[in-house]
Structures are given as C-alpha cells and as structure tokens.
1. If you line up the long axis of helix 68-78 against the longest principal axis of the chain, both from Cα atoms, how many degrees apart are they, to the nearest 10?
2. With labels modelled as points extended 7 Å from the Cα through the Cβ direction, what inter-label distance (nm, one decimal) is found for N108 paired with A254?
3. Once you put a point 7 Å from the Cα of E46 and another 7 Å from the Cα of N96, both along the Cβ direction, what distance in nm separates them?
4. Taking a probe of 1.4 Å, how large is the accessible area per residue of the stretch 154-282, in Å²?
5. Could you give the spread of the C-alpha atoms of the chain along their three principal axes, from largest to smallest, in whole angstroms?
6. Which loop-located trypsin sites (Lys or Arg not before Pro) does the stretch 60-99 contain, where loop means any DSSP state but H, G, I, E or B and the Cβ has at most 16 other Cβ atoms within 10 Å?
7. Which FRET efficiency value, to the nearest 0.05, do you get for K121 and Q194 by plugging their Cβ-Cβ distance into 1/(1 + (r/R0)^6) with R0 = 41 Å?
8. For the stretch 205-286, which chymotrypsin sites (Phe, Trp or Tyr not before Pro) are in a loop by DSSP, counting at most 13 other Cβ atoms within 10 Å?
Amino acid sequence: MYFSIIIPVYNRPDEINELLESLLLSTYSNNFEIVIVEDGSTITCEEVIKKFKDKLAISYYFKANSGPGDSRNFGMKKAKGDYFIIFDSDCIIPNNYLTEVEKELKSNYVDCFGGPDKALKSFSNIQKAINFSMTSFLTTGGIRGGSEKIDKFQPRSFNMGISKKAFQESKGFGNIHPGEDPDLSIRLWKLGYQTRLFSSAFVYHKRRIDWDKFTLQVSKFGKARPILNHWYPEYSKLTYWLPSLFVIGFIISAGLLLILFDWGLKLYFLYFLIIFIVSSFQNRNPLIGLFSIVAVWKQFVGYGFGFLKSFFKINILRKKPQEAFPELFFKINPSPVETEKELFFEKKRETPIQKSVDKVKNKIVEPVVTKSKIIGLTGGIGSGKTTVAKYLISKGIPVYISDVEAKKVMEFPEIISEIMQTFGSELITSNQTLNREKLAAIVFNAPEKLKQLNAIVHPAVKKHFDHWVVAHQNHPILVKEAAILFESGSYKDCDKIISVSAPLELRIARVLKRDATTKEKVMQRINNQLSDKERIARSDYVIINENFENTKKQVDEIVNLLKNR
C-alpha cells in the first residue's frame, strides 16, 4: 500500500515547515509521497518546500483559492497513491503515525478512517484549553479525543484517510465548509463504504485560533449541522441539539432566579466546576482549567446559537442553504486552472530497509553525514558584533540574527496570543499585530515582567532556531548571533563561542552615532549587560573590533581554525 499525504495550505508557510519536519522523523519503513496544494495564498510556502526537496518526495501545486475541500480533491486527483491521508497544515505528526495506520488497515480494513487529536506541551494555554473542549468526554463525548463508543464515526479532515477507490466513486469533498467532512462520510455510507476511528493514529492539532476565531468556528459548525440534517434526515440525531439545549437551559435557569429558584444555575456551576477540575488535572495547570471553562462556554454558546439560527432559516423559513448562509459555501470552478506553479521533487525517501538493500546490491558505503558546528557570536552594545555577523554572511556562512528573528517570532499568532494573555489585550493593534512600544514600556525596569516575556519568547525562538539549523544543515559552520547569548541560555546550543569586544569609549561613540540617545542611557544599557570581562572569560575566541581591516583578519583566522577542527 502506497500512501499519499494531502495537505491544503493557505498563507501558513511556518506551519508547513513544522509539519514537514515532523514527517522527516517518521519511522515508517515504506516510501510515501506528500502532495501540498497552495490554495491561492498571498504568502506561499514554496521556499519552505524547496528546503525538503532532497529529503522527502513532495509535489507542490499553486492554484486559485477555492477552499480546503476543493483543494483536497485537487491534491487527491494529482496523487499517485492508492490510499490518501489528509492533514490540516496546523498539524504535527507523531513519528509512528503511518505505522499505526498501516497496522489498523491490515487488521480491519476500511475505505475511510479518522483519527483523534492531542495537544503538545509547547502549545499555548488557550490552544490546550480549546483542545480540551473539543476532545473531552465532558463536551463532545470524547469522539475527537479517541473514544470508540460511537456507531458510525464521521472522520474529520484534519486527520483523515480515504482510499483512492472511495474518493473516485464519491467525488470527494463538497463545497460546504465547515461540514464537508461529515457530508463526505454520509455519502460514503450511502455508497456502501464503512468508516472507522483509528484511536492510535492521532495527530497534534495546533488549532491556530484565538477566542474570537474559536467562537466564529464553532458557530459555523452549528450552522452547518442543520444543513446536513436537511440533506440527510435519516442521519440526524437528537444529540446534535445538546449545545442549543444547553444554552436554552441556561437562559431559563437565569430567568428562574426571578422567583428565587437557583437550582438550575447551581447545576451549571457544578458542571463548570467539574470542567475546571478535570482539565486542571489532565493538563496539570489550573490556569488551563480556567481557560477550559471559557472554551467550553464559547463552544456551547457559539455552536448552540449557530444551530438554532440555521434550524430556523432552513426548517422554518425554508430557505435554501446557499442563500441562508453563503459564507459556508465556496464557489468552485468546475475546470480550475491547474496552477500557476507546479514543483515536483520526486526523490524517494530512503527507508532503513531500502538503504540496507542498496548497500548490498551496489556494494557502496553510505557517506558519513557530518553535523554542522554551531558557533555562538556575542558582544555588548556597540561592540560591533553585527558588523562581524555581516562579514561572516559575505563569506557564505549562514548567520542567525537572534534579535531580527525574535521580532518575526513575536508576530506568530500563538505568541501574540500568549503575550495578550499575560500582559493584556491592549498590546494588540486593530490589525492583530503587536504594539512593541507599549510592551517595552511594560517590561522596562520591571525584572519580573521581563522574565514573563522571556518565558514566552525564548522557547519559541529556540524552536525557530532549531528549524533554521535543519534548513541549513548542509553548511559545516552555522553562527548564532545574540546579544544575550549567555543570559538566555542559548550558549548551550553552541559548540564554540566568539565574543566581540571594543574599548568602552569607542562603543559609546558608536551607539551615540547610531541611535538618538544620550551617553547616560548608553551607559545604563551597558551596565545592564554582562561585563566584557565575564563574557570573554566564558568564550572560546575573542575579536577586538577597533579597526575593520584588523577585525576581518581575526574573523578569517577563527573561521580557518573552526573549519580545520
């Protein structure tokens, strides 16, 4: 059996990078292909794909925007496998995933399966709370979390498999979104195909959403369900009404307070107390327990009101679904322009078994893969470490400028979300970007606040740096430039460390020339950093940066030493 992994993506190159990194670690013993469909993105992942061209068998397509369902269909039409596995771009795949899928298919074959999702420790507290609300037996019955107690399982397209035969006969996903996955499941049942939950084939689903987006998402889920019930009344269930009944019951219970009857609200209080206890215990964090109460409330209210609104329009007013909720339907071009760009990286992923066979067959010895040396580059303000970094780049040595990259990382949605949770929503601008001036004002001269910010940013930058290292692993030397290399603990990533130093007065003069500041403020910043003496004592090499020509000679000597060791 040959698996084709289908991934639609829209403006999420960082997610694709993380997903492909996880697939690189797969322990599956057979070859598989990856088909990535760029759904009209304005920020494409083409450059990310190119980094993996020698490591994974990838086909990449760019097409006009037509929604995730149509993009999955597009990818499956292009795929070469006989069984398709579909992921959302915000998933991270465990290394044994494909092995578990193959095991399930061999033991009890089905033409369509779905898997559950879990949260990684690195996910934000809001992501973990939303994951709890979407997977807990206290909310959804645990279906998404891996519960087997269900008669006809409806796979969800963030983690789903379908055979080529079933896809061709069903024509794949429709143009409703969300709701395209249960729609496909029901059509497959009508064609005589079976679906099943593979509880061991889970993914880590990041759910790239904040509270407002989550509310909008579950509201759309609620609106989609009465449409599906209208299309397939034989598959409607009373359980689909539960969120709406939850909301109605709460409103009635609040109204009963007028006659001093509070037992209804007490039951709701008890329910949310249980949510808090179970989530706090499960996540080992009471803050996530509190966030889970918010997530469950938003889930039930968003879905419940969305369901009621849709039921009224579809069943009472008798409106056509596309007219009642046009936002739930993508317009699909029946003959889409295949693409503006097609990239094929057909290099087969060598499995451990294949490598052994090739060694015997060809009588060759595999080349030894050498690990890149990671060199730390640091120095105090005005020392000229940026000048040294630029010179290293001119020599063809990749340099990771930590300050520049950290600014990029701080604009990631999940990081903005964590900063907002910790420091307040007023730090976020109307276009959902970070107000750095306000944040700087909060953490300046407030060590505890700065520590909180570092606890959010530094692990994310570390993860980002790790991805950068993988992307540049063909270079023998990689440099990580950071002013706070020692303070942040980043020195632990480095094989050797270079410190750049300069006389104090020269450093001050450089900063005064560069920045609109005063000598007193420059001295304050210098005094807040490690001393040159301490920095040099912890370094392997020292560059005295007074004259650029002499500095270049020192850099060249150090680079030659590093290359020969």
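The values are calculated or read from the model by the stated rules, or taken from the named source; none is laboratory data. This structure is a prediction, so every number in the text was calculated from the model and none was measured. Don't worry about glycine lacking a Cβ; one is built from the backbone with ideal geometry, like all the others, and counts go over all protein chains shown. Quick note on the areas: whole protein, heavy atoms, side chains included, nothing else; ligands and nucleic acids left out. Shrake-Rupley method; radii C 1.70, N 1.55, O 1.52, S 1.80 Å.
1. So the inclination is approximately 80 degrees.
2. Each label point lies 7 Å from its Cα, and together they span 4.4 nm.
3. 4.0
4. Working: 6260 Å² over 129 residues.
I get 49 Å² per residue for the stretch 154-282.
5. Principal extents (Cα only, largest first): 82, 77, 42 Å.
6. Details: sites: K63, R72, K77, K78, K80; in loops: K80.
Here the sparse-neighbourhood loop sites are K80.
7. Values: r = 35 Å, r/R0 = 0.86.
Once rounded, the FRET efficiency stands at 0.70.
8. Numbers: sites: W211, F214, F221, W231, Y235, Y240, W241, F246, F250, F261, W263, Y268, F269, Y271, F272, F276, F281; in loops: F261.
In loop regions of the stretch 205-286 (DSSP not H, G, I, E or B), the sparsely surrounded chymotrypsin sites (Phe, Trp or Tyr not before Pro) are F261.
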